Structure formats: structure tokens, C-alpha cells
Amino acid sequence: MIKHLRSAGDLDAATATLILDTAGEMAALAGREVKKLPTLRGRTVVNLFYEDSTRTRISFEAAAKRLSADVINFSAKGSSVSKGESLKDTALTLQAMGADAVVIRHSASGAPHRLSSWVDGSVINAGDGTHEHPTQALLDAYTMRSRLGRLAGLKVAIVGDVLHSRVARSNILLLTTLGAHVTLVGPPTLIPNDVAAALSPATKVSYDLDSVLPDMDVVMMLRVQTERMQDSYFPSAREYSRRYGLDLARMRRLPEHAIVMHPGPMNRGMEITPEVADSSRSTIVEQVANGVSARMAVLYLLLGGKA
Amino acid sequence: MTRFLIRNVSVLGGAPSDLVLHDGFVAAAADGSEDVIDGSGLVVLPGLVDLHTHLREPGREDAETVETGSRAAALGGYTAVCAMANTSPVADTAGVVEQVWRLGREAGLVDVQPIGAVTVGLAGRQLAELGAMATSAATVRIFSDDGFCVGDPRLMRRALEYVKAFDGIIAQHAEEPRLTEGAQMHEGEVSTRLGLTGWPAVAEEAIIARDVLLAEHVGSRLHVCHVSTAGSVEVLRQAKARGVRVTAEVTPHHLLLTDELAASYDPVYKVNPPLRTASDVAALREALVEGVIDVVATDHAPHAVEDKECEWAYARPGMLGLETAFSIVLSVLGERWELIADRMSRTPARIAGLTGHGTDLAVGSPANLTLVDPSARRVVDPGELASRSRNTPYSGTTLPGRIVATFLRGEPTVLDGKAVK
Amino acid sequence: MASPRADTTSKIILGESDLHRVVDRIAHQILEKTSGATGTVLLGIPTRGVPLAQRLAARIHAFEDIDVPVGSLDITLYRDDLRLHATRALGKTELPGGGIDGRRVILVDDVLFSGRTVRAALDALNDVGRPSSVQLAVLVDRGHRELPIRADYVGKNIPTSPAESVRVSLTEVDGLDEVKLTGAEK
């Protein structure tokens, strides 16, 4: 088993499949009355969050607690070089406390890589800058497999701000590893030129959402931050949602079986309309539930064996 | 005064002969009064000259001082270094450049030639008192806002014109500021994969293109700092072919290292301009041999541990260079001694107007020289470096060549590979 | 050159027909001890306890035409020795339709040794329901208990030394039916 989960690229197909299978068992356990398992008793998991993300932190916390790990929440929001303790000093503190795993969310890409050079325990990336968010990709893949029965051969459109999206990067890597075909859709300003060469040669790029939709099994809408407008990535929210937003008319272009995903939090009315978000094709609520199972699987597989 | 006889030493790869140093100059013959150094297997070069060194004093003496940087330079075979202006306070007045110059003289290990800032506080809004710095004791000839680009085209034009009065030269850090906001590394496949904001090659190339046109227009001298892309080489090649008075430097690290190293997220590889691709490296090497790029300059940039032992985005850009530059150039160019002497000593001395440096080792020349052992190999240990900082990208790497001795005006600053003081 | 196994002895304890006979005997004992297997559920412990439980149910059906619900109970997440080994993949936990509350659960495993697996199974069982009683059926009891646990149904007692290992093979998992005792290296 791997020691850290810093990038979805750390996972080969066998390991990724093992995580998804394990997540399936964890999900089955979630349905019963006693949800707690003794598996990680005596183990310490630190949630080191340099960015506000209540949903991700709660998801990891629930996952760790269901496995009986001791959870320490370390919120270092607002920390940077100028204020507060350095990441390295924090790492040495966590090391002294005997953290078996550190779940880190950080605004700087690569912070989990740096952290893993300073602590002995496992490092789990819960989102680093504009780099990756591998557990989100795992829960997304798990959700697709649950809904559609397979991943190999699935056609997945990832729509929106790929350039700044850690969710997109991790999904491209993981989905390709598991045999799905990814098409990136968005304005050219938000799709990096060399994304296929950088992440996965089979990745396709389209600037036209309407032409892509009829062929897709999954369409994953990315959150688009309105401050991108100030940086001239696109002219206005209205133009963005007209060209790349998913509304009912566009959703009807999808095949009957296709599902709509969103990592949350949504900008309703921007990249997705409320009717689409709340439709039966939307997996947005399932994704949240599956997040706990996927993270339990990761924690178990990283911490459940000999160190 | 000291006298040395270096026996059986090869001058720039020529047949072994004896080299005599008397009272600061190369002498014709030994008279028995000399200390003898066995030069067998060693090559003597004119003392190296660095056009681009950050000595950090005043302001960041925790990272480097004029003295520690001078020692690092001497150990690297240098007899003169040009100290960049981005100190704290900025070297934008006669007072600050004179302070640096005086500290260099006190250290006495290399000639420290201060570079003056182009604009007040490196802010890019108002010209600094360039003339006052030029006529100060430091006799500044090179002006640079290095670390920042003189982005305003009108201000750049004025600076280029103004320094003609005292044969000055503007050394531009070519980085279009709007195209590099928040930039962390070379924009390309690797930055896309790593999720680090890209520093596009065009941001450098666009400024160089603009500046060579400005220099051509006003008939001034322009020097381009740390050229890093194949496209920049093309712009320079065309400008030189037209007769524009432009010179350019490349750093040792841009001749060797690529952006793939950022995959570790270890900020020891974070530098500005960033490490580029293998094809850029190939183009830079070719341009250096060809003379499109005139000199190798270190951009020696010491940083305190806390500025590198952190997240990539929070780290300061820059890497050490003085103590490894010769070895990197030797590994890149091979034992082409004339070429090395030209790119690391003669041409930078000429650009900087340092008349006592970069001269041939003929009888009567100033004895500024360095003695190197090309067959030696060494493993770089950051803990053994003379620099106060440790941010070398070559930690643990085996490099060819070793500086055995360095002489500044006939006085040894390094003997047997160790600093004399 | 001697093969690595040259110094170990290996002995087949149960061949295919012996193994079938032993399973039949356990099935009969269950019927006898549970008054016709009423209110009884068989839960196999993965990996080899699961096909064993299915076989027992099939034999009970063959003998008395009674359908005993069969399920599986994975105990990996309850093990007390997780940190001594590389991470284990999880097995399946599948409870039969009617659940286990108020029923007699018979845990089925291939080998009873230290008793730690059964201890973990009891913990796991406790989290999934409340059976009226719990019994244990094993194909082989090889002794060396480390906990106060005993089996209600034992196919065969095999005296062993702690260094020896008992290897149960089942067609469903391994492609053949046999029980083998492998000696310690000398």
C-alpha cells in the first residue's frame, strides 16, 4: 500500500480499485445502526486546515471517527509566512504529538509534498491550492461506479475552470487510470493549452458544451469563481452561464442514463441551474455521503496496516 | 609584497610553463624570492568576473554579507563581482553604493563593484540619482532594478538615454509584470500538472524585444540579465545581427536544470526567471558558445533557511551560484578554456568596465587569476559552502573541477582550495 | 540444490472425500443440536468460512429439506493484529434477508487456532445485531487457544505444534478440497 495520498497520480489502477471496493464495504457499514468500527483505535488523525472548508473537514472527521481514530482539528486559517507558525514548525509539532496521519488542506500547491518530508506519518491531501484534491476524485469515481456500474469506457465531461481546479486535475488523473475517457469543456482561457500532455494524453478538449453533451455518460460541473471575471478569463457571469452553464435545455441533450455531478459548493445560476442541481440525475447529495465512505477507505488502507 | 612562482601550469590549456607573480603583476622571470606552487595538472584562467551577484548587505545579513559573499566568490575563482542593488535599503543613492563598495574593500577578497538601482526603491516610477552613483567613490556603471523589471517603456527609454552621459548601461530583468502576476514556475506541462501559476516565456521575450528596439532607437547600451528561453535567444540573435548594442547573460542553472525539478515542490529549485525546459537549455548552451549570449553570470541569490524551508508559493526565488558556477560551466562547455575565459572573465569585465580584470596573463598584467584543477571531482555539501546560506540546487551532486587558488592583484585569496582569510 | 521446502514436512490430513464426510457430520450435528436448525443463521467468516457455511446449508437442505439462511461476516476491521501485517483488503459482510436479531447465529470458519478471529467476529456481530445465541462451527481445531473460546462443532481435531501450519483448501477458493499440515522448518 502507498504511504501518502498527495496526488491521484500516486494511485495505480489496482490500488484505486481497492480503495473504491473498500469504500463500498464502508458504505454498507454506514447503513447499519452501529456505525462505529474499532479499526483505528489508538491512532491519531490530525485535520490540518489552512483553508476554510467545513464540508471537507467534517467529512474527514466523520470518516476518522467512524474508524475510532482520535481526531485533532488544527485550524490554521490565515496562516502564511508573515503571520503565525511556519508549516515546518507546525509539522514538527504534529510529529512530536505522534500523528499517524495528517489530513492537510492548504492554499499553496504542493504543501502536502512539503509536509510529507517533515513528518513520519501518512499525509493525505485534502486539497492543495490549484493542484489536486485526490479524495474528491475517489468519491466522484465511486459515485459514478455506483450509479453507472462501471468506470472503464465511461465518457466524462469536466466543464468549467479546469485551469484553477484541483478537483479537475485529480479527476483527470484518476479517471484515466481507471479507463474512463475525459473531455474538458470550457472557455480556452480556463483550459490550459498543454493539459493533455501534462496530465493524460487521451484527454480531449472542447470549447463547445452543446456538441459534447449527447455523447456523455457523466457531466461534472466545476465551481467557477466570479473573481475570474476581474482577471478577464471571461467577460461576465451571464455570458459564462450562457455558454458553459448547465440548464434544463442542455441537460436534455444528455443521454437518458447520464448523470450530473458537482463537487460543491455550487454557484446556482452560474455553472448550474437549481432545476438541474435538484433533478434526479444530479448526484450532488450522494457525493457528500460517498465522501465519508471514500475517506474511510483511504484512512483504513493507509493506516490499517503495519506502519 | 608577496611573490609566487606557479610551476608547470597550463595557461588556458596551453603547454605547461611557469607563471611568476611579483607585487601584484605577472612578472617575466623568477628570482628565487617566490613561494612556489606546484601547478602540474592545473589550468590558470584570468580571475572570473560575475556581473550578477546578490550580497544581501545591507538588510539581510542573516542570508549573506559582503564578506561571506566575497569569500564564496573567491572560492569560486572570482576576483570581481557586481553586487545587485536590491538590498535594504535599496542601493539607489550614492550613500548606499559607497557603503557596499567600502565593505567590499574591507573584506578584501574580491573587487566588489556595486550596481545601482535604475528607479527609486526599485519601484519603477522615478529614476534614481544615477549620475550621483556614477560619480561616487563606487563609480557605478551598471544600473539595474533586478528582481523587478523596468516595466514602463517610457521610463526604460529615459534610463537608457540618461546613462549615456557616463557610459552607463542598463541591465534589465526582463519580466513583463502583468503576464507574471503570481507566477511560480515556467508555464508549461509541468506547471499545469503541479497546479503552480505559470511564468510564460513570452513575458521575458516581449520585454527583451521591446528593450532592444528602445536601445536601438536611442543608440544606448542594453544588458539583458539571466536570459532563460529559446525565444529570447532568437530575439537577441536578430538584434545583434542588426548591430544593436545589446549584451546578455545566462546563469549556470539555466544551462543545466529544467522545470521538471519543481515536481518535488522543493523551493530550492524556485528561481526567477524560472527553470525552463530541456529545449530552452539546449538553445541557451548553443547561444553561449556562439556568442549570442555573451557571459555567464551567477545570479547568486542567498536566502535564509526559513525563506526556503516552506511552501513553494511562499518561498523566495533564487539559488546560490558563486561556489559552483565554474564547475557547471566546465561540465556544460567542457575544457574549452578560451571560451570559458571569455564568457566568465574577459567579456563580463569589459561590460562592467572593470579594467584590471579579465586581462590576458601577459607580463605586466594585473595578477587577477584563478588556478583550477579540471580533473578533480567534488560532491557538493551545502554545509561546507562559504556562503551564509545553504540554498544550492546541487546538494549531493558530484561536479567536475575544483578551484585550487585565486589571486587578487597578486595576493592569494584562496590557496589549496581554502580561503586565506 | 535442495528446494526451500526440502526441510519441511507436509502431510495431508483430510483428502477430498474425508473433507466431504466431515462437512456432512457437522451438518448432522447442527441439525441434532439445534432441533432441526430452526431459527438458525449460518455466517461464514471470509475467506474460507463463507463457502463452508454454504456447503453446510446445502447439506442440511439435502438431509432434511430445510433452508438455513447463509451470510458472511467480515471481521477485518475488528482484528486486533492489524498493525502487525500489511493492510488487508476487506471481505464481504452480507447478512441474510431476515437479519440476525433474535436468531441463533452459527459462525463458520475453517481453522480454530488462537481464538482471536472468533473474538473479532463476536465484536463484529455485536455491531450488526443482537442474536439470541451464538455458536461456532470449524472444520479444524488445531489447539493453542489464547482466549477462552471453544467451538460447538468441530470437524476434526488436529494436534499441532505452534510452529506448524494448517492449510485448508476448498474448491470454491483454491480449486481443490484438502487439509494439509505443514511442519516447521528444522
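No lab work stands behind these numbers, since they all come straight from the coordinates. Quantities reported herein were computed from a predicted structural model and do not represent experimental measurements. Methodologically, a virtual Cβ is constructed for each residue, glycine included, from the backbone with ideal geometry; neighbour enumeration extends over all protein chains shown.
Odds and ends about this structure:
- For the residue pairs A:Lys35/C:Lys92; C:Lys33/C:Lys156; A:Lys3/A:Lys204; C:Lys33/C:Lys92; C:Lys11/C:Lys92, the alpha carbons lie more than 23 Å apart in A:Lys3/A:Lys204; C:Lys33/C:Lys92; C:Lys11/C:Lys92.
- Estimated FRET transfer efficiency (A:His257, A:Ser75; beta-carbon r; R0 30 Å; 0.05): 0.15
- Ascending count of other beta-carbon atoms within 10 Å, so fewest first, for B:Asp111, C:Asp152, B:Asp38: B:Asp38, C:Asp152, B:Asp111
- DSSP beta bridges fully contained in chain B are about 50 percent antiparallel.
- In degrees, nearest ten, helix A:166-177 long axis to first principal axis of chain A (Cα): 90
- Put a plus charge on the Cβ of each Lys and Arg, a minus charge on the Cβ of each Asp and Glu, and nothing anywhere else: the dipole of region A:134-283 about its Cα centre is then about 240 debye.
- Total formal charge among the other residues, if their Cβ is under 13 angstrom from that of B:Ser136, Lys/Arg +1 and Asp/Glu -1: -1
- Per residue, the convex hull around the alpha carbon atoms of the protein assembly as shown comes to 211 Å³.
- Counting beta carbons within 10 Å around each of B:Val36, B:Val218, A:Val119, A:Val298 and listing the fewest first gives the order B:Val36, B:Val218, A:Val119, A:Val298.
- Near-label residues of region A:142-185 by backbone N, under 18 Å of a point 7 Å along Cα→Cβ of A:Met229: A:160-161
- On the beta carbon distance between B:Asp360 and B:Arg102, with R0 = 25 Å, the FRET formula returns roughly 0.25.
- Structure remark: mean-square fluctuation, Gaussian network model of chain A, C-alpha springs under 10 Å; the largest value among A:Asp231, A:Asp208, A:Asp21 belongs to A:Asp231.
- Against chain A, whose longest principal axis is taken from its Cα atoms, helix A:284-303 shows a tilt of about 40°.
- For chain B: relative contact order, % (alpha-carbon pairs under 8 angstrom, 6 or more apart): 19
- Exposure proxy for C:Tyr153, A:Tyr240, A:Tyr207: other Cβ atoms within 10 Å of each Cβ, ordered fewest to most, give A:Tyr207, C:Tyr153, A:Tyr240.
- Under the criterion of Cα pairs below 8 Å and six or more residues apart, the relative contact order for chain A equals 21 percent.
- Prolate/oblate/rounded label for region B:252-375 (Cα gyration tensor, a/c 1.5): prolate
- Expressed to the nearest 5 percent, the antiparallel share of DSSP beta bridges inside the protein assembly as shown is 30 percent.
- DSSP bridge pairs, chain C: antiparallel proportion in percent, nearest 5: 35
- Sequence-distant lysines (8 or more away, or on other chains) whose Cα lies within less than 23 Å of B:Lys308: A:Lys77, A:Lys83, A:Lys88, B:Lys270
- Between amide H atoms placed 1.01 Å from N, distances below 5 Å from A:Val103 occur with A:Val46, A:Asn47, A:Leu48, A:Ile124, all of them 5 or more places distant or on a separate chain.
- Inter-label distance, nm, simple model (7 Å from Cα along the C-beta direction), A:Ala28/A:Ser68: 2.0
- Cα gyration tensor shape of chain B, rounded if a/c is under 1.5, else prolate or oblate by comparing a/b with b/c: prolate
- If R0 is 25 Å, the Cβ-Cβ spacing of B:Asp167 and B:Ala123 corresponds to a FRET efficiency of close to 0.45.
- Global form of region A:134-283, assessed from the alpha-carbon gyration tensor, a/c cut-off 1.5: oblate
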